[in-house]
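Participant: Let me begin by handing over the structure; questions about it come next.
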Amino acid sequence: MTNIENPQALEGVRVLDISGPAGFYCTKLMADMGADVVRVDPPDAAVDCYPGPFYGGESDRDHSIYRWHYHTNKRSVLLDINSFSGREIFDSLLGAADVLVETFRPSEAIVLGLDGSSLREGYPSLIHTTITGFGDDSPYSDYKATDIVAQAMGGLMAITGFPEEAPDQLGGEQAYHMASLHAAVGTLLALLSRDMDSMGRDVQVSMQDCVSMATLQTANFNYYTWDGIIRSRTGLNHAFSGQKQASERLSYSRTLYKCKDGWIAYAAHLAPPNAWRNTVAWMAGYGAEQELGEQRFEDPDVRVSEQERINQVMADFAAQRSAQELYHSAQKLRL
């Protein structure tokens, strides 16, 4: 419902979402900002398009919590746009839309008549946002690309994982999220431009480019210029640990700890305010804080010099408990 007194940024903007996973977060952001987003799903969408966990254990898309998360605040319709009747309905929706978000490869878009030139001819005021693996001008432009492919081709996997093992994929579909975020920002700018000249825009986003930028920021050349650090896979250790001579090496905090049934990622003790005290209180609830409860550890300089010991106490604490126990006990303290 429209809030007249406090309108959202995108109230009144109509978005047609026919994207794959690389675009889900893009249109979710726009829906959360008040846009009227209509999600178009094919009638025969496979279950793996909307993976689990499933509410109530029913393995179908209507019970996929993944789907609920990414399509919150959207309306949806099942359409076969390759059929005559389905395409008629789709075209009517497209005619009323301000924005189209899709993730077709260039050859697929041409077959469907949803390539840039066709859309610009038929819908001159439309903002057409497309997310592909490698961009339209790449030699790989028509290659299929999933999250793991984009992470690998963008270089981020090269610095993720253990040094003695093959590169690892970051969790949480990071490439999809990076591309969606850039696409959402580009779409907002295109809408702003259209407000000034009434002209549509084409917003093209390459997942590889987005991941490459994240790699550049994470493995910034300045680290080498200033400190001689060459980013590499460091496993459980901090990204900059083990990069210098022993006499110059700093001790960095870990953020991954092995527990009884897997691993936990925890870095809340590194962030203010009261982060350290809350972490000690968490461990003290189990009588596992050891000497970390001493007043001297309130001093950040002491924690830097004693980081190896802090790492060990944290590791001992995690090793004796399950991931679920650690997660829920930390949540009670809002960690």
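We did not get these values from a lab; they are worked out from the coordinates using the rules stated. What you see is a predicted model; the values in this text were computed from it and never measured. Cβ placement follows ideal geometry from the backbone for every residue including glycine, while neighbour counts extend to all protein chains displayed.
Participant: Taking every DSSP beta bridge that has both residues in the chain, what percent is antiparallel when rounded to the nearest 5?
Facilitator: Around 20 percent antiparallel, to the nearest 5.
Participant: Which residue, Y55, Y25, Y123, has the most motion in a Gaussian network model of the chain that connects Cα atoms within less than 10 Å?
Facilitator: Y55
Participant: Given a Förster distance of 35 angstrom, what is the FRET efficiency for N6 paired with N278, based on the Cβ-Cβ distance and rounded to 0.05?
Facilitator: Between N6 and N278 the formula returns 0.55.
Participant: Now, a different point. Taking 0.36 nm per residue of separation and subtracting the Cα-Cα distance, what length does fully extending Q290 through T225 add?
Facilitator: 19.4 nm
Participant: What's the angle, to the nearest 10 degrees (0 to 90), between helix 275-284's Cα axis and the longest principal axis of the chain?
Facilitator: 70 degrees
Participant: Using 0.36 nm times the number of residues separating A96 and Y140, minus their current alpha carbon distance, what extension gain do you get?
Facilitator: Taking A96 through Y140 to full extension adds about 12.5 nm, to one decimal.
Participant: Same structure, new question: Hey, what do the phi angles of the stretch 81-86 turn into as Karplus ³J(HN,Hα) couplings, whole Hz, using 6.51/-1.76/1.60 and θ = phi - 60°, x for Gly and Pro?
Facilitator: Karplus-based 3J(HN,Hα) across the stretch 81-86 equals 6, 8, 8, 4, 5, x Hz.
Participant: Residue by residue through the stretch 114-131, what is 3J(HN,Hα) from phi via Karplus (6.51 cos²θ - 1.76 cosθ + 1.60, θ = phi - 60°)? Round to whole Hz and write x for glycine and proline.
Facilitator: Using θ = phi - 60°, the values come out as 10, 6, x, 5, 5, 5, 5, 5, x, 9, x, 9, 6, 8, 9, 10, 10, 10 Hz.
Participant: HN-Hα J couplings of the stretch 191-207 from phi, Karplus 6.51/-1.76/1.60, θ = phi - 60°, integer Hz, Gly and Pro as x?
Facilitator: 5, 4, 5, 5, 4, 8, 10, 6, 9, x, 9, 10, 10, 10, 10, 9, 4
Participant: Run through the stretch 52-103 and list the GluC sites (Glu not before Pro) located in a DSSP loop whose Cβ has at most 16 other Cβ atoms within 10 Å.
Facilitator: The qualifying sites are E58.
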